[in-house]
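> Before anything else, here's the structure in question.
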Amino acid sequence: MPQPRSIQRVRIHPLGDTALLAVLGSRLDTALNTRAIGLASALRKRRDVRQAVAGYASVTVHFDPDQTTLESLGAAIKRLAVRRPKEPIPGRLHRIPVVYDGVDMPEVSDSLNLSPREIVALHTRPIYRVFLVGFVPGWAYLGPLPEELELPRRRVPRTHVPAGSVAIAGRQTGIYPMQVPGGWHLIGRSSVKLFLPNSDPPCLFRAGDRVKFFAAALD
Amino acid sequence: MTEVLRVVDPGLLTTIQDLGRPGAIASGVPPGGAMDRFALRAANLLAGNEPNDASLECTLRGPQLVAERPCVIAITGADFDPRLNGEPQPMWATLSLAAGDALTFGGRRIGARTYIAVGGGLDGESWLGSRSTSLMTGKGGFHGRPLRAGDLLSTVGTRTTYPAERRELVPGLRPDYSDQSLAAVAGPHVRRLEPESRRALFSATFTVSPESDRMGCRLKGPGLQAKAEELLSYGLVAGAVQLPQSGQPILLMADHQTAGGYPVVATVVSASMPRAAQLAPGDELRFMEVTQAMARQRRLALSSALASLSAL
């Protein structure tokens, strides 16, 4: 059912004097994310826009302050955002093998009151969407995670999460592409390379792609 | 490719940087590039280069370099007391080196990062359109890593001698790195702050923590309280002041994470980012709320200072 226009109103927030954040909504929602990706790609074609990056339900726009102002670009974004988005091209489907032996599996199992086996069954069930690519090179925010697996982030983030860790937090899941600090729950690991430094773009996943995990045997 | 400088001592952290790879943020790759972009541009223009050419960024302690052949250089940014064969040298000016000349630094006087541009522009691995060193990925610049003793630096161009006239950025147009206030505009999530924290954000004094790096400047100050509710992750920019649950803000710098979900309570304006890049651990700062018009005025002042160099 189409939403009334009033809900679709875009809010424009300055990010300093050379960027802005256009917020389309506050829900983790595939339709909102599709609009954000569409808006970002339309904005990248403008001469006064240097870069536009889609978030879950927002677009961060870097603009050339010598060619436009916050007000006039903001007004243009509001006009663009109410246009009916083009039918999105279905993203590529990636099938990712996971060994479900993450260090947090026992704790996650306790907190959710589910057996590791049930957790694996739930985690491998959906085809996840790549909502956005970012944070560190190769990282992609995937979701929505089944409600049964929803947990808040760890109270104390780890200073070093090993590369390849498959993790969950909130209604999201993802794979750490390199060793970085992180506060998500580690339920497994994958050997698939997500950061591809010699490719352009240098990452396997792109916003709008789809990802299906399957349980691999212990290596 | 011409070998022009030999590294005797790399200093604390010296990397090759240009103006970064802004196009890569959509793929999750930090934009990178010089922390103090005004100083990098000025150094390049003084050395007869394009503003975006690759130069050296030296952090907190300068390197020791020896000229392999005659060359022209310019040193800008933080004042580490540059010396040529032991003799003090002016900053923000063109310097000529003869083969065998030794460039050293006496010690840090003000600022955190000094820039050394070399006539012809430094060579280095170009990755995603930039020669900037990305320390996180080990790509770009000098084999993706900071300089080490024994490294040989080359220029892209063969031009090694330079112009008859000596160039200088007049003192009145140089940035004031002793200024403790960073001009900033309120961020998208400033309303999440408790009223008292909102006042503190634009009045309290913050101290730069030693854990600060090219990714972000970690600040210590009065704990800022914000509504805890998590945000949907979104694209971040350099200059954004992120507020994690600890209540201690992080000012995102050149190698910042490209997306995140913490509230952004303020964003430092482009004209104050060179000053932010020169903050050293232990330095104090305040955020001063400015309007878009004031931010524009400051930005234009920096542009015209650089234009005074291009026009020479």
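The values are calculated or read from the model by the stated rules, or taken from the named source; none is laboratory data. All values reported here derive from a predicted model rather than from experimental measurement. Neighbour counts are summed over all protein chains in view; Cβ atoms, including those assigned to glycine, are modelled from backbone coordinates with ideal geometry.
> With respect to A:Leu32, is the statement that it is under 23 Å from the mean Cα position of the chain (by Cα), part of a helix (DSSP H, G or I) and at pLDDT 95 or above true?
Against the criterion (under 23 Å from the mean Cα position of the chain (by Cα), part of a helix (DSSP H, G or I) and at pLDDT 95 or above), A:Leu32 does not qualify.
> Also, quick follow-up: Any idea which of B:Leu46, B:Leu19, B:Leu13, B:Leu60 is closer than 21 Å to B:Pro171 by Cα, in contact with a Lys or Arg (Cβ under 9 Å, 6 or more places away or on another chain) and touching a residue at least 12 places away in the same chain (Cβ under 8 Å)?
From the options B:Leu46, B:Leu19, B:Leu13, B:Leu60, the qualifying one is B:Leu46.
> State which residue is farthest from B:Phe38 (Cα to Cα) when the search covers only segment B:168-213 and only residues that are touching a Gly at 6+ places or on another chain (Cβ under 8 Å) and not hydroxyl-bearing (Ser, Thr, Tyr).
That would be B:Ala200.
> For segment B:274-294, check the following and say yes or no: at least one residue is out of contact with any Asp or Glu (no Cβ under 9 Å at 6 or more places or on another chain) and under 27 Å from A:Gly143 (Cβ atoms).
No, the conditions are met nowhere in segment B:274-294.
> Let me ask something additional. Can you tell me which of (1) surrounded by 13 or more Cβ atoms within 10 Å (Cβ to Cβ); (2) among the polar types (S, T, N, Q); (3) more than 28 Å from A:Pro152 (Cα to Cα) is the one B:Ser212 doesn't meet?
Just one mismatch for B:Ser212, condition (3).
> While we're here: Look at B:Gly33 and say whether it is crowded, with 24+ Cβ neighbours inside 10 Å, over 13 Å from the mean Cα position of the chain (by Cα) and within 14 Å of chain A (Cβ to nearest Cβ).
Against the criterion (crowded, with 24+ Cβ neighbours inside 10 Å, over 13 Å from the mean Cα position of the chain (by Cα) and within 14 Å of chain A (Cβ to nearest Cβ)), B:Gly33 does not qualify.
> May I pose another question? Within segment A:40-59, can you find the residues that are within 11 Å of B:Ser233 (Cα to Cα) and small (Gly, Ala, Ser)?
A:Ala54, A:Gly55, A:Ala57, A:Ser58, listed by residue number.
> Among the strands (runs of 3 or more DSSP E) lying completely within segment B:51-126, list those that include at least 1 residues that are of a type in the set (D, E, K, R) and under 17 Å from the mean Cα position of the chain (by Cα).
By residue number, B:55-59, B:71-79, B:110-118.
> Pull up segment B:206-261, narrow it to residues that are among the basic types (Lys, Arg) and within 16 Å of B:Ala276 (Cβ to Cβ), then point me to the one that is farthest from the other protein chains (Cβ to nearest Cβ).
B:Lys220
> Given the conditions (1) assigned to a loop (DSSP other than H, G, I, E, B); (2) without any contact (Cβ under 8 Å) to a residue 40 or more places away in the chain, and given that A:Ala121 satisfies all but one, which numbered condition is not satisfied?
(1)
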